[in-house]
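The values are calculated or read from the model by the stated rules, or taken from the named source; none is laboratory data. Quick caveat, the model's predicted, so the values are computed rather than measured. Every residue, glycine as well, gets a Cβ built from its backbone with ideal geometry; the counts of neighbours run over all protein chains shown.
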Amino acid sequence: MKSWIQAFRLKTLPLAVSGIALGAALAGMHGKFSSIVFLLASLTAVSLQILSNLANDYGDFMKGTDKAANRTDRALTSGSIAPQQMKTALMVNGLVALVLGLLLLYIYLPNLQSFGIFLALGILGILAALGYTLGKRAFGYSGLGDVVVFIFFGPVAVCGTFYLMAGILMPQIWLAAMGMGLLSAAVLNVNNMRDTETDNLSGKLTLALRMGKRLSLMYHKALVLLGFIFVFASFLSEGGSLQIRPNLTEPMLLLLVYAPVILLLTRHTNRVSELNNQIAPTTPEARAPWNAELKNLSLTILLLVTMYALTVWLFVG
């Protein structure tokens, strides 16, 4: 069981829930929050994230990437889980994600057209979770991972959750979705900045590897800064337009609440800058500080969304 828990990579799950939580918080701002939708959507997102984590373990193992990187922390490379067991787990988890998604759509979508659109998005989500490292055209090996993460952790998660609760979309929601997508891409970028040396040896051409150290660091800082600005702007604007609210008391309160989050994000970017100046890590011990920043950034994003939701509940909803 310990090996499976490690393969699930629990530290990645807060990010999976953050987009759902942000969409739900925005729905609460408009008096449309649904606890059942939030629960089912969160379970679906977690299941898809676990599916992606297992698929990454299997795909990198089959391509020899983890062996080249000396990734003894991965389940298949370490031998704690057999390849056939992982294939079975992938099928079971994919089925669980599909069933949860179908249940959510069947109960809460008002018409057949909406059901068809969301079903297509759900199937694409499963294919994206599998396709990051699996197959000859795995997009994680061609620098497209950032785009896919932006789409599914941003617009699909945030806008999809809001639409399931409210039945509509508006400009304010797209602002939040873009912010969440950018922040999620930043998490992936930390992972890829850490692995540039070993990815280069195995032919995994991530965006961070293509850009090099200096540009990937600038890119990372831009993702974090713009992501935060877009999320905050979604609270600052009115729902049906991008005009600034006439009453700025609530946004100013949110900014005060966000002060610790801003400090954490600043500390994170400074720490990544320091790590980026060091020799690229090639051992589990050397990767540990990078892994800590991955965990810290994911939890900080979840904290940002939690503060957003609390402010909505206390001052708006």
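Miscellaneous remarks
- Scan of the stretch 153-195 for residues that are touching a helix residue (DSSP H, G or I) at 6+ places or on another chain (Cβ under 6 Å) and among the aromatic types (Phe, Trp, Tyr), ordered by number: Phe153, Phe162
- The number of residues in the stretch 119-158 that are part of a helix (DSSP H, G or I), aromatic (Phe, Trp, Tyr) and at pLDDT below 85 comes to 2.
- Cβ separations smaller than 9 Å between residues 6+ apart or across chains give the following pairs from the stretch 141-159 residues that are buried (at least 22 other Cβ atoms within 10 Å of the Cβ) to residues that are charged (D, E, K, R): Tyr141/Lys63; Tyr141/Asp199; Tyr141/Lys204.
- Where helices (runs of 4 or more DSSP H) sit wholly within the stretch 193-293, those with at least 1 residues that are modelled with pLDDT of 85 or more and over 16 Å from Leu182 (Cβ atoms) occupy 196-202, 207-236, 259-276.
- Pairing each residue of the stretch 257-270 that is closer than 12 Å to Phe228 by Cβ with any residue that is of a type in the set (Val, Ile, Thr) and in a helix (DSSP H, G or I), provided the two are 6+ apart or on different chains, yields C-beta distances under 7 Å for Val261/Thr300; Leu264/Thr300; Leu265/Val224; Leu265/Thr300; His268/Thr300; Thr269/Val224.
- Output for the stretch 296-314, where each listed residue is touching a residue at least 60 places away in the same chain (Cβ under 8 Å) and exposed (fewer than 15 other Cβ atoms within 10 Å of the Cβ): Trp313
- Any hit, the stretch 23-31, residues being closer than 19 Å to Val148 by Cα, at pLDDT 90 or above and outside any loop (DSSP other than H, G, I, E, B): yes
- Residues that are crowded, with 18+ Cβ neighbours inside 10 Å and either of a type in the set (S, T, N, Q) or under 13 Å from Leu254 (Cα atoms) (or both) within the stretch 209-232 comprise Ser216, Phe228, Val231, Phe232, listed in sequence order.
- Selection from the stretch 66-108 of residues that are under 18 Å from Ser3 (Cα atoms), at pLDDT below 75 and not in a helix (DSSP H, G or I): Asn70, Arg71, Thr72, Asp73, Arg74, Gly79
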